[in-house]
Amino acid sequence: MDQNTIAIIWDFDKTLTPNYMQNPIFEQFKVDPVKFWVEVNSLPEKYALADIKVNKDTIYLNHMITCVRQGLFPRLNNKLLKELGQKIEFYNGIPEIFSQLDTIIDKPQFKTFNIHIENYIVSTGITQMIRGSKVAPFIKDIWGCEFIENPIPTKLCKENSSSRDDILSQIGYIIDNTSKTRAIFEINKGANVFPKDIDVNSTMKAESRRVPFENMVYIADGPSDIPVFSILKQYGGSTFAIYPKGNKEAFDQVELLLRGGRIDSYAEADYSSGTQTNMWLTRRVEEIANKIYQKMKDALDKSAGKPPRHIVEE
């Protein structure tokens, strides 16, 4: 592995966006989002009464399928989710920051070793909505939650009663706040780029991994991202938290993360040129690029022996 990739890993809701990405769904079907989330938040306790454990991070996906079946979200499918993704609102400076970061490393010395940036999103949100949003063209890969519309029927039954409904029917893939760390290791080892050759559980030496942790930057909004913050801080990666302007509660949370050594820095959620968030990210990316360049140059100098020369006798 060349290890010349800078991986910038973004959380999504409340990190790139001021609101939850699901808001366009509620607007589409004229559903009160507050009532929906109140119901979702009550589900773990209600299921516990039936001695059933549920995942608090992703139980909302099950509730969405329930809403589809009950007709609250009629005909909701992956195609519509992607279309609704176009309506997601973002903080100032998004998506411009992606192009700006690329400009930072658009320098001859970095091009010599093909040092480049890859942006990733790791979110408990819905993958199809992210794919439909305006940031999608800048993203190499997405880890999020996905739905199945038409489950593959079993062949064990003699009668095939399945039918194609083209609506959300099952959950296909889940990312929660803990399994986000798996995505980080997949990026680290290159399992997402070489899925047939590398498994996330494969044993790999540090020098064989595609993106070293020290080449990673993780940007997120709060305590739910502590597992990833901890992994990257442990292995030399960079961590940054953002909070909405004027939100004291969110500010207090990220301040505690900084005091606890979970993050390197934090700032208001504004990625526009000249803001603290923008300057921190651009500086950190350039610092990482310089380290990669120096490491690769040193390795090249070490591997290339001195050429033979004419010996002149006096």
Quiz prompt | Nearest-ten-degree value, helix 180-189 long axis tilted from longest Cα axis of the chain | solution = 30
Practice problem: Treating the Cα atoms of region 27-164 as identical point scatterers in vacuum, please give the log10 of the normalised Debye intensity I(q)/I(0) at q = 0.12, 0.20 Å⁻¹, two decimals. | Solution: -0.70, -1.29
Quiz item: Over its Cα atoms, what ratio of radius of gyration to 2.2 N^0.38 Å does region 15-97 give?
Solution: 1.25
Quiz item: Points 7 angstrom from Cα along the Cβ direction at His116 and Val54: gap in nanometres?
Solution: 4.3
Quiz item: Of [x] 19.0, 59; [y] 23.1, 98; [z] 19.1, 63, which is the value of Rg and Dmax of the Cα atoms in Å derived from the coordinates here?
Solution: [y]
Exercise. Quickly rank 211-223, 278-290, 48-60 as a protection proxy: mean count of other C-beta atoms within 10 Å, highest first.
Key: 211-223, 278-290, 48-60
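Sorted by mean Cβ packing within 10 Å, highest first, what order do the peptides 164-177, 136-149 take?
On the way: 164-177: 15.6, 136-149: 18.0.
Packing order, densest peptide first, comes out as 136-149, 164-177.
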Quiz item: Around Ala206, what is the net charge, scoring Lys/Arg as +1 and Asp/Glu as -1 over all other residues with Cβ under 13 Å from its Cβ?
Solution: +3
Quiz item: Please state the relative contact order of the chain as a whole percent: Cα pairs under 8 Å, 6+ residues apart?
Solution: 22
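Could you put Asp102, Asp197 in order, starting from the residue whose Cβ has the fewest other Cβ atoms within 10 Å? It would help to have the intermediate numbers written out before the result.
Details: Asp102 14, Asp197 9.
By the 10 Å Cβ count, ascending: Asp197, Asp102.
Return the percentage of antiparallel bridges among DSSP beta bridges fully within the chain, rounded to the nearest 5 %. Could you put the intermediate results ahead of the total?
Working: 3 of 26 bridges.
Once the DSSP bridges in the chain are tallied, antiparallel ones form about 10 percent.
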Quiz item: If the limit is 26 Å between Cα atoms, which of Lys14/Lys295; Lys14/Lys205; Lys111/Lys189; Lys140/Lys291; Lys87/Lys140 go over it?
Solution: Lys14/Lys295; Lys14/Lys205
Quiz item: Between Ile152 and Glu83, how many nm apart are label points set 7 Å from Cα along the C-beta direction?
Solution: 2.9
Quiz item: Tilt of helix 33-49 relative to the longest C-alpha principal axis of the chain, in degrees (0 to 90, nearest 10)?
Solution: 80
Exercise. Would you mind checking the tilt of helix 248-259 against the longest principal axis of the Cα atoms of the chain, expressed as 0 to 90 degrees and rounded to 10?
Key: 40
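Here, each number is a calculation from the coordinates, and none is a lab measurement. Predicted, not measured: the structure shown is a model, and the values here were computed from it. Cβ atoms come from the backbone with ideal geometry, glycine included; neighbour counts cover every protein chain shown.
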